[in-house]
Every structure is written in C-alpha cells, then in structure tokens.
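Undergrad: Quick one: this structure, given as structure tokens, is what I'll be asking you about.
The values are calculated or read from the model by the stated rules, or taken from the named source; none is laboratory data. Everything quoted here is computed from the prediction, not taken from an experiment. Backbone-built Cβ (ideal geometry, glycine too); neighbour counts: all protein chains shown. Please note that ligands, DNA and RNA were not included when accessible areas were found on the heavy atoms of the full protein model with its side chains. Shrake-Rupley method; radii C 1.70, N 1.55, O 1.52, S 1.80 Å.
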Amino acid sequence: MPQKRLSVVVTRRLPEAVETRLSELFDVTLREDDTPMTRAQLAEAMADADVLVPTITDQIDAGLIGQAGERLKLIANYGAGIDHIDVETARRRGILVSNTPGVMTDDTADMVMALMLAVTRRIQEGLLVMQAGEWQGWAPTAFLGTRLGGKRLGILGMGRIGQAVAKRAQSFGMQIHYHNRRRLRPETEEALEATWWESLDQMVARMDVISVNCPHTPSTFHLLNARRLRLLKPSAVIVNTSRGEVIDESALTRMLKAGEIAGAGLDVYQHGIKGNPDLVNMSNVVMLPHMGSATIEGRIEMGEKVLLNVKTFADGHRPPDQVLPAML
C-alpha cells in the first residue's frame, strides 16, 4: 500500500517553485490570494492538518495551539524568527517547530548597509526633491550628509546577521563594536576587528551608528528604551532590520522630532505594519515595509528549507532546523 501523504496547509503565497514542489510531495492546501489568514482560518487549518507552514504574520499563540487537532505534529515556519509562535506550548502538546535559519543573512545585512547609507547620505531627501521637480542645481552646501568611513558602528546582536553586517561595514572603513549575550571567540573578534562591550549603556553612548540585529525575546523587549536612547549622541543614527519590539518606538519618535537623535533607518516596527504615523513625514527617517529578506533567491531558499524540514519529518526523522528550548 502506498504511504498516505501528509496534509500540509500553507498560510501565505510562496514563490511558485516552492508551491509546486510542495504540491508534488504532499497533500497541500495553498492560498489563492496573499492576504494573511484570519484567526478562525488558522484554527480551522490547525484542526485538520498534519503540518502547518506559517509566516511571521501568523500569531500562533497558546489559544490556537490548544485548539489544534491530534494530527498536527509540525509547525514548519517560513522564516527564521519564531517569536510569533508559542514554542513552549507547542512542545507540551507534542508539536515540533522548525524554522529557516541562515538563509536571509546576506540579504538582511545588505539592507542594513543600504539603510545606513540612505540615512547618513540623505538619499530620501534627494529623491523627494527630484520627484517633485524642485532641484535647482548643484550647490556646495546642499544635502550634506556624513561619510561612513571612520565612524563607530555598534552592533546589537552579533549572530549570523550581525557578523555579516560587521564584514560589510569593515569594507566601508567603519570601526566595529558590538554587544551580545556571549562574547565571540577571539579569532572571530580578530577577523572582524570587533570590540566587545559588556555594558550596552557604555557602548551606545559612544557609537555613531547603532544596528539592531538581535531577535525579539522577553529579555530584548524595549532593550533600547527611553533611558538608553537618551544615552546616544545627538549625531547618532539607528538602523533596525530585526524586530520593532526591541526599540521603544514612541521614545525614538519623540527624540527624532526633537533632534536628539540624527536619524533612523527602519524596516520593522513595534506594532507590525502600524509604524508610528509621526515617523512617516520625517526627513531624517527612512522607512521600509519589512524588505530586509526580500530577494527572489532568499525567498526560494527559505522555501527549500521548509521543504527539507517537512520531508525529513515525513520520513520519520526530526527536522534539521527544529527549534529547541535552548534556542529561546
């Protein structure tokens, strides 16, 4: 008798190549449009499926997991971040959770540098002037920004992405500093020419640019709170491509409006798609719609990791990218 194929529900549209391969391997339910599932739709999917493939836009909390059917044994997240999934409740229910680590490292690090340049070189202001047809010609003092070379970069979170940012920043001639839960190995520090700060307060007070590259966990919520933001130099710039919850967005907005921080490049926001409306029209703020990992290559590679995790599970083994309690 042929083995029954796993029932897999995908919550968002994925690249066509990934959807096609999922359809070939499993009994898959795909989305017809690219809108997020409602909570009721997620509950229905989790009641009948063997595997759920969610994304960051799906809040898989304890309540939903509590309603899951007996068949659901794997939540194969399409993405590296898993703060939208109650991993501990899933574990207690005997549901494995996997993710797609390492795929978006280079893409996100590229975007960090793009945002740094966009803010420090006032690219958005220049674009707006050109689009409005208001440019009056070159002038010696027009649109003066600052160069990255020689500036101190403070990286908050020195994992895969943080280290990739450090390598790119080295080529710009920046001085690399970092704060991390654990200090890097001496050989890694030496290769990155990076200075470790045990005290985050002391680091942020001395940096020209802060890059947020740590995950959102209970311990990192508002890690850059109002008190810590006030330690920054008035000439400092903040770039966040990680999670919006790491920064107190209200405090950041107040300080940017008051000129107490020079600028910010943001790809993520504390309240999801609802960034603080006061940020939108600030000339010293560049806002992007969570584009850090948005490359064709990266999204396909993420899908390939999902496929590998689900196929390995279907074959009776633990997914290679299973999220373990020690990772949380």
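Undergrad: Is it the case that the stretch 119-133 has a residue that's under 28 Å from Pro320 (Cα atoms), open to solvent by 40 Å² or more (accessible area, probe 1.4 Å), at pLDDT 95 or above and of a type outside the set (A, V, I, L, M)?
TA: no
Undergrad: Which condition number in (1) part of a loop (DSSP other than H, G, I, E, B); (2) out of contact with any Phe, Trp or Tyr (no Cβ under 6 Å at 6 or more places or on another chain) is the one that Pro319 fails?
TA: Only one criterion in (1) part of a loop (DSSP other than H, G, I, E, B); (2) out of contact with any Phe, Trp or Tyr (no Cβ under 6 Å at 6 or more places or on another chain) is unmet by Pro319, namely (2).
Undergrad: Could you identify the single residue in Arg168, Arg206, Arg182 that is touching an Asp or Glu at 6+ places or on another chain (Cβ under 8 Å) and among the charged types (D, E, K, R)?
TA: Matching residue, one of Arg168, Arg206, Arg182: Arg168.
Undergrad: Ok, one more. Collect the residues in the stretch 32-49 that are farther than 17 Å from Asn309 by Cα and open to solvent by less than 50 Å² (accessible area, probe 1.4 Å), keeping them in residue-number order.
TA: Once the filter is applied, which keeps residues that are farther than 17 Å from Asn309 by Cα and open to solvent by less than 50 Å² (accessible area, probe 1.4 Å), the stretch 32-49 yields Met37, Leu42, Ala43, Ala45, Met46, Ala47.
Undergrad: Could you please find all residues in the stretch 314-324 being out of contact with any helix residue (DSSP H, G or I) (no Cβ under 7 Å at 6 or more places or on another chain), open to solvent by 60 Å² or more (accessible area, probe 1.4 Å) and of a type outside the set (D, E, K, R)?
TA: If the condition is that a residue be out of contact with any helix residue (DSSP H, G or I) (no Cβ under 7 Å at 6 or more places or on another chain), open to solvent by 60 Å² or more (accessible area, probe 1.4 Å) and of a type outside the set (D, E, K, R), then Gly316, His317, Leu324 are the ones that fit.
Undergrad: Which one of the conditions (1) surrounded by fewer than 21 Cβ atoms within 10 Å (Cβ to Cβ); (2) modelled with pLDDT of 95 or more does Gly157 fail to meet, given that it meets all the rest?
TA: So Gly157 meets the others, but not (1).
Undergrad: Taking the conditions exactly as written (open to solvent by less than 90 Å² (accessible area, probe 1.4 Å), among the basic types (Lys, Arg) and under 27 Å from the mean Cα position of the chain (by Cα)), does Arg152 satisfy them or not?
TA: Details: open to solvent by less than 90 Å² (accessible area, probe 1.4 Å): no; among the basic types (Lys, Arg): yes; under 27 Å from the mean Cα position of the chain (by Cα): yes.
In short, no.
Undergrad: In this structure, is Ile176 outside any helix (DSSP H, G or I), in contact with a helix residue (DSSP H, G or I) (Cβ under 6 Å, 6 or more places away or on another chain) and of a type outside the set (S, T, N, Q)?
TA: yes
Undergrad: Counting only residues that are surrounded by fewer than 20 Cβ atoms within 10 Å (Cβ to Cβ) and within 22 Å of the chain's Cα centre (by Cα), which one in the stretch 83-95 is nearest to Phe221 (Cα to Cα)?
TA: Asp83
Undergrad: Related question: With respect to the numbered conditions (1) more than 23 Å from the chain's Cα centre (by Cα); (2) free of Cβ contacts under 8 Å to residues at least 12 places away in the same chain, which one is the sole condition not fulfilled by Arg181?
TA: The one condition Arg181 does not meet is (1).
Undergrad: In addition: Please enumerate the residues belonging to the stretch 50-70 that are free of Cβ contacts under 8 Å to residues at least 40 places away in the same chain, in contact with a Ser or Thr (Cβ under 6 Å, 6 or more places away or on another chain) and surrounded by 21 or more Cβ atoms within 10 Å (Cβ to Cβ).
TA: Passing the criteria: only Ile65.
Undergrad: A follow-up question, please. Here are Ala80, Ala45, Ala62: which of them is within 24 Å of the chain's Cα centre (by Cα) and over 20 Å from Gln270 (Cβ atoms)?
TA: It is Ala62.
Undergrad: Can you work out which of the residues in the stretch 8-31 that are assigned to a strand (DSSP E or B) and of a type outside the set (S, T, N, Q) is most open to solvent (accessible area, probe 1.4 Å)?
TA: Residue satisfying both the conditions and the ranking: Asp27.
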